[in-house]
1. On the basis of being in contact with a Pro (Cβ under 7 Å, 6 or more places away or on another chain) and closer than 29 Å to SER247 by Cα, does VAL155 make the cut?
2. What strands (runs of 3 or more DSSP E) completely inside segment 139-217 contain at least 1 residues that are at positive phi and touching a residue at least 60 places away in the same chain (Cβ under 8 Å)?
3. Look through LEU214, LEU223, LEU277, LEU230 and report the one residue that is surrounded by fewer than 14 Cβ atoms within 10 Å (Cβ to Cβ) and either within 22 Å of GLY53 (Cβ to Cβ) or among the hydrophobic types (A, V, I, L, M, F, W, C) (or both).
4. For segment 75-108, give me each residue that is charged (D, E, K, R) and in contact with a helix residue (DSSP H, G or I) (Cβ under 9 Å, 6 or more places away or on another chain).
5. Looking only at segment 233-260, count every residue that is buried (at least 22 other Cβ atoms within 10 Å of the Cβ), in contact with a helix residue (DSSP H, G or I) (Cβ under 9 Å, 6 or more places away or on another chain) and assigned to a helix (DSSP H, G or I) and tell me the total.
6. Do we find a residue being at pLDDT 95 or above and in contact with a Gly (Cβ under 7 Å, 6 or more places away or on another chain) anywhere in segment 110-122?
Amino acid sequence: MVVVSAMSGETNRLIALAKLVVGRLPGGLLYVNVLACMMFGAIFLGTIADRIGRRWAIVPAAGQGSRFGTALPKQYAPLLGRPMLSWTLAALLAEPGIDGIVVSLAKGDTRWQDLPEFSNPRVRRCTGGTRREHSVVNGLDALGGDARNTDWVLVHDAARPCLCRRDLELLFAMLDADAVGGLLAIPVSDTLKREVGDQRVGQTVARDGLWRALTPQMFRYGLLSRALRLCLERDRPVTDEASAIESLGLQPRLVRGSAGNVKVTSPDDAALAEAILRSGQP
């Protein structure tokens, strides 16, 4: 309603312009109506796009994955004969609603040159940092010339190669009009135990209201940049982008994602990811 009322003043001007363009052609009234509708539609859709904002993705991929137990950085570990990072980028590139992707790589990393996804014009590189938040901030800086504060930024783990387009589209649908942004997540279903030491149970933790955070996590460029930089200035720990947003007193929205969106941190996880990818139904 707001957009329509704001555009009502433009309608008469568009019709007048259409009349000037069409002139006295036979059937001119029909042409006027068609041309005016086309011009109005273009401006209307442009206004909606401005309100929603463009979407960008940042993939932090500067870590070494020491817990994975191989000399090769985890993001380049093969899954079904293809580097994990290649699967992850392909999943993001399959979504036309993402305008561009920045991959934060370790200084001196040259392995990216073997991945065909980096030849896609929507993919660019930047140098990452020693911690995740540094890599994300560097990715935001790499987008600085193109992204506006109102644009959306999706931060996605390089080690989540099984992201499905269905989850991305759900994330967009749930968050495009959200004031804060949010993240894919899954409600905790397992019973949780708190250790007191020596691998002994001290307490069973109530799982009511507990969710397991996934990625992508999606927030406005300006808000995410401010939250992360403030955490870095105050030396606050950042486990994910949502925690940085929470530090501002905001409440990100939880969007229920797919269990197949696994994070690969161990060889067992890699075997599970391969099974999901092999099935063709991440």
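1. Values: in contact with a Pro (Cβ under 7 Å, 6 or more places away or on another chain): yes; closer than 29 Å to SER247 by Cα: yes.
It is true that VAL155 is in contact with a Pro (Cβ under 7 Å, 6 or more places away or on another chain) and closer than 29 Å to SER247 by Cα.
2. Details: elements: 152-155, 181-187, 192-197, 200-205.
The qualifying strands (runs of 3 or more DSSP E) are 181-187.
3. Values: LEU214 fails: surrounded by fewer than 14 Cβ atoms within 10 Å (Cβ to Cβ); LEU223 fails: surrounded by fewer than 14 Cβ atoms within 10 Å (Cβ to Cβ); LEU277 fails: surrounded by fewer than 14 Cβ atoms within 10 Å (Cβ to Cβ).
The unique qualifying residue is LEU230.
4. So in segment 75-108, the residues charged (D, E, K, R) come out as 82, 95, 99, 107.
Answer for segment 75-108, where residues must be charged (D, E, K, R) and in contact with a helix residue (DSSP H, G or I) (Cβ under 9 Å, 6 or more places away or on another chain): ARG82, GLU95.
5. So the answer is 3.
6. First, the residues of segment 110-122 that are at pLDDT 95 or above: 110-122.
Next, only the ones that are in contact with a Gly (Cβ under 7 Å, 6 or more places away or on another chain) stay: 122.
Looking for residues that are at pLDDT 95 or above and in contact with a Gly (Cβ under 7 Å, 6 or more places away or on another chain), one finds at least one in segment 110-122, hence yes.
The values are calculated or read from the model by the stated rules, or taken from the named source; none is laboratory data. Please read these numbers as outputs of a predicted model, since none were measured by experiment. When we count neighbours, we look across all protein chains shown, and the Cβ atoms used for this are built from the backbone with ideal geometry, even at glycine.
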